[in-house]
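This report concerns only the one structure given below.
The values are calculated or read from the model by the stated rules, or taken from the named source; none is laboratory data. Values in this document were obtained by computation on a predicted structure and should not be read as measured data. With ideal geometry, Cβ positions are generated from the backbone for all residues, glycine too; neighbour counts draw on all protein chains shown.
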Amino acid sequence: MSLYTAHINVMPLTELLDPQGKAVNDSLHKLGFQAIQGIRIGKHITLQIEAASAEEAKQVAEDACKKLLYNAVMEQYEIVIS
Amino acid sequence: MKFGVVIFPGSNCDRDMIDALRNDMQQEVVELWHKDSSLPNFSKEDCVVLPGGFSYGDYLRCGAIASQSPIMQAIKEHANNGGKVLGVCNGFQILCESGLLPGALLMNDTQKFECKNVFLKKQSSTAPITKTIKDAVLQIPIAHGEGRYQADDAIIAQLKANDQILFTYCDADGSVSNVTNPNGTIDYIAGICNAGKNVFGMMPHPERATNAILGNIDGTQIFESLILN
């Protein structure tokens with residue numbers, strides 16, 4: 001068994017309005033960052049997982065996402081194992 | 001019929017709900033703790049209430065962690081047996097996160113916590129909680145940062161086809177316009193119920209409008225309908 005780290009990015013679905021991103025975008029424009037055309041804000045979650053293989057660790061992370069860590073109505077996620 | 005009000009860590013409308021039901025509506029009320037694993041002598045005529053607040057500090061997503069509380073398994077069984085469940089504000093969010101109601105509540109498009117009186121139009125003529133409401137328009141307070149109801153087109157169509165939309169936001173005269181949408185919710189939806197019409201979720205707070213001393217008793221019509229039907 002080895003200890004793996006799952007890096008999970010949970011992002012709001014692209015077709016849905018992200019009010020937090022919009023507010024931060026407006027704030028950055030006030031600071032002069034006119035080149036920034038859009039911001040979307042999500043979550044980065046890391047899990048320490050004890051597993052026999054990277055594949056098994058990824059499966060644990062997938063199950064955790066589906067059961068609790070993301071909500072399919074509003075978000076999407078991606079997992080990278082290291 | 002009795003009511004059971006669930007208290008989660010971070011609930012802050014539980015006392016208001018208990019007071020409104022017990023003292024204003026003259027109902028038997030039991031207090032339930034989130035760690036309870038069963039509902040004491042609850043029949044399908046009884047109603048579990050999930051109050052507003054910030055359960056578990058709104059960590060991860062509003063209602064996500066509360067939806068995994070021990071008592072939620074007993075509440076799911078109660079609901080699946082036809083027992084009544086009402087979720088207000090954070091309670092509505094918990095019901096969506098638990099899968100007892102479809103969809104989810106997203107951050108308001110106004111980018112603000114909206115705390116004000118709004119007008120609601122009664123929509124469902126078949127749901128127990130709206131069936132016998134007399135007035136077409138009720139004034140009820142809202143207080144939320146995440147009240148933008150979101151569901152895919154198929155679910156919205158199903159809600160409409162089955163008369164599952166309880167309330168929509170409206171003007172004082174009952175007309176729906178862009179001005180009155182306080183949070184960007186789809187089709188001005190303020191509350192819905194499940195297909196079985198025994199699980200109800202709404203963002204506005206009827207328990208804050210049940211006593212003349214507060215200047216508004218429109219909320220009593222909602223509870224009266226729920227009790228009567």
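All of (1) free of Cβ contacts under 8 Å to residues at least 40 places away in the same chain; (2) of a type outside the set (Ser, Thr, Tyr); (3) under 26 Å from A:Asp18 (Cβ atoms) hold for B:Asn183 with one exception: (1). For segment B:57-68, filtered to residues that are crowded, with 23+ Cβ neighbours inside 10 Å and out of contact with any Asp or Glu (no Cβ under 6 Å at 6 or more places or on another chain), the residue that is farthest from the other protein chains (Cβ to nearest Cβ) is B:Ala66.
The residue that is surrounded by the most Cβ atoms within 10 Å (Cβ to Cβ), counting only those in segment B:10-53 that are more than 16 Å from the chain's Cα centre (by Cα) and in a strand (DSSP E or B), is B:Leu32.
Run down B:Ala154, B:Ala143 and say which single residue is assigned to a helix (DSSP H, G or I) and on the phi < 0 side of the Ramachandran plot.
Working: B:Ala143 fails: assigned to a helix (DSSP H, G or I).
Answer to the selection: B:Ala154.
Filtering segment B:175-197 to residues that are within 14 Å of chain A (Cβ to nearest Cβ) and over 17 Å from the mean Cα position of the chain (by Cα) leaves B:Asn181, B:Gly184. Does B:Gly145 meet the test of being closer than 21 Å to B:Lys76 by Cα, surrounded by 15 or more Cβ atoms within 10 Å (Cβ to Cβ) and over 13 Å from the mean Cα position of the chain (by Cα)? So B:Gly145 does not fit the description; no. Across segment B:163-176, a minimum of one residue is classified as at pLDDT 95 or above and either surrounded by fewer than 15 Cβ atoms within 10 Å (Cβ to Cβ) or assigned to a loop (DSSP other than H, G, I, E, B) (or both). Here is the figure for segment B:89-114: residues that are within 16 Å of B:Asn198 (Cβ to Cβ), touching a Gly at 6+ places or on another chain (Cβ under 7 Å), more than 13 Å from chain A (Cβ to nearest Cβ) and not in a helix (DSSP H, G or I) total 0.
Conditions tested, residue by residue: (1) more than 25 Å from B:Thr185 (Cα to Cα); (2) within 14 Å of chain B (Cβ to nearest Cβ); (3) surrounded by 11 or more Cβ atoms within 10 Å (Cβ to Cβ).
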residue: A:Ser2; (1), (2), (3): yes, no, yes
residue: A:Lys30; (1), (2), (3): yes, no, no
residue: A:Arg40; (1), (2), (3): no, yes, yes
residue: A:Lys67; (1), (2), (3): yes, yes, no
residue: A:Ser82; (1), (2), (3): yes, no, no
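Of all residues in segment B:189-216, those that are free of Cβ contacts under 8 Å to residues at least 24 places away in the same chain and either of a type in the set (Asp, Glu) or buried (at least 16 other Cβ atoms within 10 Å of the Cβ) (or both) total 0. Taking each residue of segment B:65-88 that is at positive phi and looking for partners that are crowded, with 22+ Cβ neighbours inside 10 Å and at pLDDT 95 or above with beta-carbon atoms closer than 6 Å, six or more apart or interchain, yields B:Gly82/B:Asn198.
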